[in-house]
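First the structure, in the form of structure tokens, and then the observations on it.
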Amino acid sequence: MLDDPIEYNKFRTFAVSCFSSELTAFIEEYQVLKAKTIAILRPKSMRGCPSDSTICTLANPEPTKLPASPHATSPLPSESAYTPTSVTTSILDTLTNNSKPTHTVSFPSQLFDKLKAVYWDYIDPNSYTSVNASPMVVRRIDEMMNNNDYNVTLFDELKDEVLFMLYSDVYTRYIRK
């Protein structure tokens, strides 16, 4: 259902009626972050989708540039240039094609402002759109952000919690409606 745009749109509208729009919004931001990370870190030769659906596919042969932002240090590829992998697939798994990485993989510096925006929108307890994440997950993300540890696994635990909340609460109500 998350991979079907029409059904997902209906589900997202239903999530708003359940006062859970921040959950679907976070998942959408995670997917944008994944697409931009792949566009920057994956070598051009691996950006296509040979026949393996776990690889992010390239819809446009050359990444498009976003309009200049006052915070951006360099242009970023457009999230619309890529069809991301399933939301259940992490950024690291997508980058490494589900193989064990030999080193720590960090987000590219061009995305640091985006990471901070996701933090302030969905994790900061003072945000109106913060998700109801467990204190343990919030603490881990806080520590990583405070230590400038921008590992691509930064938001993975939160993504898993959000997906669980969506499935166990919103989706169960959605299928009963």
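The values are calculated or read from the model by the stated rules, or taken from the named source; none is laboratory data. The structure presented is a predicted model; accordingly, all values stated were derived computationally and were not measured. Reconstructed Cβ throughout: ideal geometry from the backbone, glycine too, with neighbour counts over all protein chains shown. The area values use the complete protein model at the heavy-atom level, side chains included, leaving out ligands, DNA and RNA. Shrake-Rupley method; radii C 1.70, N 1.55, O 1.52, S 1.80 Å.
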Open item on the list: Could you check the stretch 120-131 and list, in sequence order, the residues that are touching a residue at least 12 places away in the same chain (Cβ under 8 Å), in contact with a helix residue (DSSP H, G or I) (Cβ under 7 Å, 6 or more places away or on another chain) and surrounded by fewer than 19 Cβ atoms within 10 Å (Cβ to Cβ)?
Closed with: THR129, SER130
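Here's the yes/no breakdown for (1) touching a helix residue (DSSP H, G or I) at 6+ places or on another chain (Cβ under 8 Å); (2) open to solvent by 20 Å² or more (accessible area, probe 1.4 Å):
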position: PHE112; (1), (2): no, yes
position: LEU115; (1), (2): yes, no
position: THR153; (1), (2): yes, yes
position: ASP160; (1), (2): no, yes
Task: Selection from the stretch 5-33 of residues that are open to solvent by 20 Å² or more (accessible area, probe 1.4 Å), of a type in the set (A, V, I, L, M) and in contact (Cβ under 8 Å) with a residue 40 or more places away in the chain - done: ALA25, VAL32
- [ ] Examine the stretch 123-140 for a residue that is in a helix (DSSP H, G or I), among the hydroxyl-bearing types (Ser, Thr, Tyr) and at pLDDT 75 or above, and state whether such a residue exists.
- [x] no
Task: Test result for VAL170, out of contact with any Cys (no Cβ under 6 Å at 6 or more places or on another chain), buried (at least 17 other Cβ atoms within 10 Å of the Cβ) and closer than 26 Å to VAL16 by Cα - done: no
Task: Within the stretch 141-151, considering residues that are open to solvent by 30 Å² or more (accessible area, probe 1.4 Å) and outside any loop (DSSP other than H, G, I, E, B), the one nearest to ILE38 (Cα to Cα) - done: MET144
